[in-house]
Amino acid sequence: MSGSPDVVIIGGGVIGCLTAYYLTLRGARVTVVEMTGVAARASGKATGRLTPYFLGCEPDLLALSPATLALHAQLKHDLPEATGVDYGYDERPYLRIARDEQGAETLRVWQSDRRSEGVEARWIEPAEARSLSPWLTEDFVAALECNFEPTLDSFLFTTSAWAVAKMNGARLVTAQATGLKTDGRSRRARGVRISDGSTIPAETVVVANGAWSGGAGEWLGVDVPVRPQKGQLLILSDEATGKSPVGIIDIEGKYSIKPKRLGGTFFGSTTENAGFDITPTEKARNEMVAAMAGLSDRLSASNVITHTACLRPMTPDGKPIVGAVTGWEGVYLATGHWSKGIHFAPVTGKWLADMIADGESEYDLSALSPARFAGSAGAMLPRP
Ligand SMILES: Cc1cc2nc3c(=O)[nH]c(=O)nc-3n(C[C@H](O)[C@H](O)[C@H](O)COP(=O)(O)OP(=O)(O)OC[C@H]3O[C@@H](n4cnc5c(N)ncnc54)[C@H](O)[C@@H]3O)c2cc1C
């Protein structure tokens, strides 16, 4: 890598760790500043579905999905080979189910939309769906078998990428980043200030601190339009239920039952506006148990072994913000991945490594550029 720039990444979630991984493969000297622990927040708790079809199908993200899936397909070999850790990558299919004719029509439209993207979902009758999953309730009328959304264990995936970055020389500093060091009055990053008052020098800074990245706007003098969206989910024991050979998704795509290869079944999730609160609540648990009963006869509150809550980093248009910060030299944002950060972390990290090392990339992330908010009221405009 020409010049071997030093890079400081703020945030040890999936975005920061995959960026560290790809940068160290290019020979960069990388430091990650993380205020809690690697994968301690959303990236360690997410369901781990690798899909662009969750809480909306944004066209720019659909276009990037094959690239990030191809990188995941490579990582599933490379990371376990380096670490010896199986992070539970799994290609078992999902059934998307409809409980009435209106729902069946929605499924037909969904199937046709996927076909136009070159993705084939198979229409199956209830009897066959039931033979694929004994967990389904009686009242569904149609199902689509979807065989293009792998899953993994988010915590193990993130920590595996970090472990390899560390083997390649990356360093972790456990501290809160509190600001940027600049060249006097210029907007050229020279490092990151941390909570003990010291500065970590760097030629390049990547702000990848998830739901908290709105606060980085203060240091940069720009508004970073990212806010936290709380998501809660339940993890169910395999003991009473066994394990379904397929996952199940409701027609709106909000709730899914995801049996994991390494154990447990994930059910979730909620979407809540609760600021930075990450307390699991009884109300959400009851809502999820009720929704679960609508999808499966086999699962009930007694199967719940864990209840978690964490924060999705959400943007006004539902797309991540990835790119150089307008008006600054040496500062990138990599945030706002909302409900799809595990899926899009590889293409985000690889793009950043390419851009920082070479100034160009085979991937086109221009649709995610921070510049798209320039001109909109109060968002991403450099302050005087
Ligand atoms: C219930 C739920 C289910 C989900 N399921 C899926 C899924 O199936 N598939 C999928 O692709 N995505 C899923 N997601 C979304 C995914 O979890 C997020 O998009 C992703 O984890 C965001 O990663 P991140 O690295 O940006 O943020 P985080 O994982 O939140 O990491 C940011 C890190 O920055 C640190 N930090 C913050 N401020 C500072 C500071 N000033 N200094 C130092 N460190 C700081 C934090 O401690 C944190 O560790 C789900 C999310 C939720 C809530």
Looking at TRP123, TRP135, TRP212 in this structure, which one is within 25 Å of ARG298 (Cα to Cα) and modelled with pLDDT of 95 or more? TRP123
So GLY263 passes all but one of these: (1) touching a helix residue (DSSP H, G or I) at 6+ places or on another chain (Cβ under 8 Å); (2) on the phi < 0 side of the Ramachandran plot. Which condition number does it fail? (2)
Qualifying positions in segment 197-229 - without any contact (Cβ under 8 Å) to a residue 12 or more places away in the chain and away from the ligand (no atom under 13 Å from the Cβ): GLY197, SER198
Here the residues within segment 226-245 that are open to solvent by 30 Å² or more (accessible area, probe 1.4 Å), in contact with a Ser or Thr (Cβ under 9 Å, 6 or more places away or on another chain) and not in a strand (DSSP E or B) are ASP238, ALA240, LYS243, PRO245
Filter segment 113-127 for residues that are part of a helix (DSSP H, G or I), surrounded by fewer than 13 Cβ atoms within 10 Å (Cβ to Cβ) and over 26 Å from the mean Cα position of the chain (by Cα) and give the result. ALA127
Among the residues in segment 251-271, are any free of Cβ contacts under 8 Å to residues at least 24 places away in the same chain and farther than 22 Å from ALA371 by Cα? yes
Tally of residues being more than 14 Å from the ligand (Cβ to nearest atom) and more than 12 Å from THR151 (Cα to Cα) across segment 247-263: 5
Considering only residues that are outside any loop (DSSP other than H, G, I, E, B), within 11 Å of the ligand (Cβ to nearest atom) and in contact with a helix residue (DSSP H, G or I) (Cβ under 9 Å, 6 or more places away or on another chain), which ones fall in segment 266-289? PHE267, GLY268, GLU272
Could you please find all residues in segment 178-223 being touching an Asp or Glu at 6+ places or on another chain (Cβ under 9 Å), surrounded by 17 or more Cβ atoms within 10 Å (Cβ to Cβ) and not basic (Lys, Arg)? ALA189, GLY191, ILE200, ALA202, GLU203, THR204, ASN209, GLY214, GLY217
If you scan segment 292-351, which residues turn out to be without any contact (Cβ under 8 Å) to a residue 40 or more places away in the chain and in the same structural domain as THR19 (by TED's automatic domain parsing)? TRP351
Selection within segment 296-308 - under 25 Å from the mean Cα position of the chain (by Cα) and more than 13 Å from the ligand (Cβ to nearest atom): VAL304, ILE305
Under 8 Å by Cβ, and 6 or more places apart or on different chains, what pairs join a residue from segment 15-41 that is at positive phi with one that is within 14 Å of the ligand (Cβ to nearest atom) and open to solvent by 30 Å² or more (accessible area, probe 1.4 Å)? ALA39/PHE155; ALA39/THR159
For ILE356, state whether it is in contact with a Ser or Thr (Cβ under 7 Å, 6 or more places away or on another chain) and either without any contact (Cβ under 8 Å) to a residue 24 or more places away in the chain or more than 22 Å from GLY231 (Cβ to Cβ) (or both). yes
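The values are calculated or read from the model by the stated rules, or taken from the named source; none is laboratory data. Because the structure is predicted, anything quoted here is derived from the model rather than measured. When we count neighbours, we look across all protein chains shown, and the Cβ atoms used for this are built from the backbone with ideal geometry, even at glycine. These accessible areas exclude ligands, DNA and RNA; they are computed on the full protein's heavy atoms, side chains included. Shrake-Rupley method; radii C 1.70, N 1.55, O 1.52, S 1.80 Å.
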